[in-house]
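A short write-up of the structure that comes next.
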Amino acid sequence: MTTHEIRVDRSKTLAEEPGTGHNRWHPDIPPLVRCEPGDEVVLETRDAFDGQVRPGISLNDVAAANLDVVHPLTGPVHVAGAEPGDLLAVEILDVEPDSYGFTVQIPGFGFLRDVFPEPFKVDWDIAGGWATSADLPGVRILGSPFMGTIGLSPGHELLAATTAREQALIDRGGLALPPSAAGAVPAHPRLAAEGLRTIPPREQAGNVDIKQLGVGTVLLIPVGTPGAMFSAGDAHFAQGDCETCGTAIEMRATLRVRFSLRKGEAAEKNLRDLRFTREDYYLPPEFAAPRRFFATTGISVTKDGVNHSEDITLAARNALLNMIEHLTERGWTRQQAYAICSVAVDLKISEVVDVPSFVVSAFLPLDIFA
C-alpha cells in the first residue's frame, strides 16, 4: 500500500495555484496523482468560496462573492484499472478540520432566498470537536466533518447529456448554471467552455452535501470515465440536513481516503447514482438522533390557504419558516435563526402518502444551546 499526497498553498487561490485542482467537472482534466486500488490518498482542500470569506470582511463583501469560482476541488486522482461500468468504493479514513469556519447567506442563493434577500455571515471558532461563534452566542455545534463536494468526473457522453438537460431546464424557466469560462480552472479554452459547474449533485456524486459522509463511510460511485478521476473539496465541519441557507459550517480540511474497485458492478446492476454505507454511528447516538429536540411541521398549503398537490418543497418551506419563527421567539434575529437552521436543523419527510398534503418536520436539537 502506497500513500499519495496533494498539498495546497492555502495562502493562494486555486487560480493562483491551478496545478492543485479544478472548479469544473470534465473528463479531460488531467490527473494530479495516479494510484492503485488499495492505496491511500491525502488531499488538502480549500473552502467552498476559495478564500473569499474571512474574519473581518464586510457584509458587502459577502454579497459580492464571486460564485464563478465555487467550488475549488483538489484532484483529480486516477485509480488504475477503473473503467466505465465499474463501481469505485471510496473509504473515508479521516477529515481533519481547520480552526476557522464560516456560514454565509448570499443574496439570491439558498432555499429561502426570496425571504432572506440580505447578506449575513457567521464566523466560527473550531476547537476540541466543537464550533462556537460570537455571532451566535449561546450556540455550540458538535463537529462531524465531511466533504460537501466529493465525486468523479463524468464521461464524455454524460457530459454532453448533462449540458443538454440543464440547458433545457433553463429554457423552461428553471434555475441552473450552464457552463461558463468565467473563473474556470483549468482555464484551457475548451475545458473552461465545456466543463460542468460544481453547484449541483449529479450521477457521479459531486455537491451532495450529505452530512453522514464523514469518517467511516464508504461511498460507492459509478465510474463514468477511465481512471474514475476522483476529486473532493467544499469541506463542512457540521451541517443540518438540507443545508437550508446554502452553506454549512464551511472550512478548509485535509481528507484521507482509500480506494477499491468493484469491477463491472455498476453496469451489471444498472447503478446510476451514489450509494454509501457505514458500520457505526456518524455521530454519538444522542446527536445523530437527538434525544432532546423541538420540532415544527409544515404541510402543502400556502400561508394564504391554497392547497398544493403533493408538494414536498412547499411543506419543507413551511416547516422551516415555522422553525425560524420559533427561534425568533427565543431571541434570535431571523437571519441568525436561518443560520442556526442551516447548520443544526434536520428537515425530515414525515408523510408522502396522504394526498393532497404532505408533511415535513423540522427537528431542532436542544443540546446545541450552551
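The values are calculated or read from the model by the stated rules, or taken from the named source; none is laboratory data. Computed from a predicted structure; not experimentally measured. Quick reminder, even Gly has a Cβ in these numbers, built from the backbone with ideal geometry, and neighbours come from all protein chains shown. Please note that ligands, DNA and RNA were not included when accessible areas were found on the heavy atoms of the full protein model with its side chains. Shrake-Rupley method; radii C 1.70, N 1.55, O 1.52, S 1.80 Å.
So, in the stretch 1-11, exactly how many residues are touching a residue at least 12 places away in the same chain (Cβ under 8 Å), surrounded by fewer than 16 Cβ atoms within 10 Å (Cβ to Cβ) and out of contact with any Lys or Arg (no Cβ under 9 Å at 6 or more places or on another chain)? I'd like the intermediate steps shown before the answer.
Applying the first criterion (touching a residue at least 12 places away in the same chain (Cβ under 8 Å)) to the stretch 1-11 yields 1-8, 10.
Among the residues that remain, those that are also surrounded by fewer than 16 Cβ atoms within 10 Å (Cβ to Cβ) are: 1-5, 7, 10.
Now narrow it down to the ones that are out of contact with any Lys or Arg (no Cβ under 9 Å at 6 or more places or on another chain): 2, 5, 7.
Summing the residues that are touching a residue at least 12 places away in the same chain (Cβ under 8 Å), surrounded by fewer than 16 Cβ atoms within 10 Å (Cβ to Cβ) and out of contact with any Lys or Arg (no Cβ under 9 Å at 6 or more places or on another chain) in the stretch 1-11 gives 3.
Return the total of residues in the stretch 299-327 being open to solvent by 30 Å² or more (accessible area, probe 1.4 Å) and in contact with a His (Cβ under 8 Å, 6 or more places away or on another chain).
Final tally of qualifying residues: 2.
Does Leu159 meet the test of being within 19 Å of Ile199 (Cβ to Cβ), within 21 Å of the chain's Cα centre (by Cα) and not in a strand (DSSP E or B)? Steps first, please.
Working: within 19 Å of Ile199 (Cβ to Cβ): yes; within 21 Å of the chain's Cα centre (by Cα): yes; not in a strand (DSSP E or B): yes.
It is true that Leu159 is within 19 Å of Ile199 (Cβ to Cβ), within 21 Å of the chain's Cα centre (by Cα) and not in a strand (DSSP E or B).
Looking only at the stretch 64-84, which residues are small (Gly, Ala, Ser) and either at pLDDT below 95 or crowded, with 17+ Cβ neighbours inside 10 Å (or both)? Show your work before the answer.
Step one: of the stretch 64-84, the residues small (Gly, Ala, Ser) are 64-65, 75, 80-82.
Residues satisfying the conditions are Ala65, Gly75, Ala82.
Quick check on the stretch 233-250. Is at least one of its residues open to solvent by less than 30 Å² (accessible area, probe 1.4 Å), farther than 30 Å from Asp125 by Cβ and of a type in the set (Phe, Trp, Tyr)?
Just the residues of the stretch 233-250 that are open to solvent by less than 30 Å² (accessible area, probe 1.4 Å), to begin with: 233-241, 243-250.
When the remaining residues are screened for being farther than 30 Å from Asp125 by Cβ, the result is none.
So far as the stretch 233-250 goes, no, none of its residues is open to solvent by less than 30 Å² (accessible area, probe 1.4 Å), farther than 30 Å from Asp125 by Cβ and of a type in the set (Phe, Trp, Tyr).
crowded, with 24+ Cβ neighbours inside 10 Å and not in a strand (DSSP E or B), is that true of Ala267?
Values: crowded, with 24+ Cβ neighbours inside 10 Å: no; not in a strand (DSSP E or B): yes.
It is false that Ala267 is crowded, with 24+ Cβ neighbours inside 10 Å and not in a strand (DSSP E or B).
Can you go through Pro31, Pro27 and tell me which one is in a loop (DSSP other than H, G, I, E, B), touching a Ser or Thr at 6+ places or on another chain (Cβ under 9 Å) and open to solvent by less than 70 Å² (accessible area, probe 1.4 Å)? If you could, list the steps in order and put the result at the bottom.
Working: Pro31 fails: touching a Ser or Thr at 6+ places or on another chain (Cβ under 9 Å).
So the residue among Pro31, Pro27 that is in a loop (DSSP other than H, G, I, E, B), touching a Ser or Thr at 6+ places or on another chain (Cβ under 9 Å) and open to solvent by less than 70 Å² (accessible area, probe 1.4 Å) is Pro27.
Looking only at the stretch 1-24, which residues are part of a loop (DSSP other than H, G, I, E, B) and not aliphatic (A, V, I, L, M)? Spell out how you get there, then give the answer.
First, the residues of the stretch 1-24 that are part of a loop (DSSP other than H, G, I, E, B): 1-2, 7-17, 23.
Across the stretch 1-24, the qualifying residues are Thr2, Arg7, Asp9, Arg10, Ser11, Lys12, Thr13, Glu16, Glu17, Asn23.
Pick out the one residue from Pro55, Pro27 that is touching a residue at least 24 places away in the same chain (Cβ under 8 Å), touching a strand residue (DSSP E or B) at 6+ places or on another chain (Cβ under 6 Å) and not small (Gly, Ala, Ser). So that I can check it myself, show each step before the final result.
Working: Pro27 fails: touching a strand residue (DSSP E or B) at 6+ places or on another chain (Cβ under 6 Å).
Of Pro55, Pro27, the one residue that is touching a residue at least 24 places away in the same chain (Cβ under 8 Å), touching a strand residue (DSSP E or B) at 6+ places or on another chain (Cβ under 6 Å) and not small (Gly, Ala, Ser) is Pro55.
Identify, please: which residue in the stretch 34-51 is buried (at least 19 other Cβ atoms within 10 Å of the Cβ) and not acidic (Asp, Glu) and is, among those, farthest from Leu87 (Cα to Cα)?
The selected residue is Phe49.
On the given criteria, is Ala228 out of contact with any Pro (no Cβ under 6 Å at 6 or more places or on another chain), open to solvent by less than 20 Å² (accessible area, probe 1.4 Å) and farther than 30 Å from Pro284 by Cβ? Can you show your working first?
Working: out of contact with any Pro (no Cβ under 6 Å at 6 or more places or on another chain): yes; open to solvent by less than 20 Å² (accessible area, probe 1.4 Å): yes; farther than 30 Å from Pro284 by Cβ: yes.
Spelling it out, Ala228 is indeed out of contact with any Pro (no Cβ under 6 Å at 6 or more places or on another chain), open to solvent by less than 20 Å² (accessible area, probe 1.4 Å) and farther than 30 Å from Pro284 by Cβ.
If a residue must be more than 28 Å from Gly151 (Cα to Cα) and either open to solvent by 80 Å² or more (accessible area, probe 1.4 Å) or at pLDDT 95 or above (or both), how many such residues does the stretch 273-298 contain? Please lay out each step first, then the result.
Step one: of the stretch 273-298, the residues more than 28 Å from Gly151 (Cα to Cα) are 286, 290-298.
After this cut, where a residue has to be either open to solvent by 80 Å² or more (accessible area, probe 1.4 Å) or at pLDDT 95 or above (or both) as well, the list is 291-298.
Within the stretch 273-298, residues that are more than 28 Å from Gly151 (Cα to Cα) and either open to solvent by 80 Å² or more (accessible area, probe 1.4 Å) or at pLDDT 95 or above (or both) number 8.
Looking at the structure I just gave you, is Pro145 open to solvent by 40 Å² or more (accessible area, probe 1.4 Å) and either in contact with a Pro (Cβ under 7 Å, 6 or more places away or on another chain) or among the aromatic types (Phe, Trp, Tyr) (or both)? Steps first, answer last, please.
Values: open to solvent by 40 Å² or more (accessible area, probe 1.4 Å): no; either in contact with a Pro (Cβ under 7 Å, 6 or more places away or on another chain) or among the aromatic types (Phe, Trp, Tyr) (or both): yes.
No.
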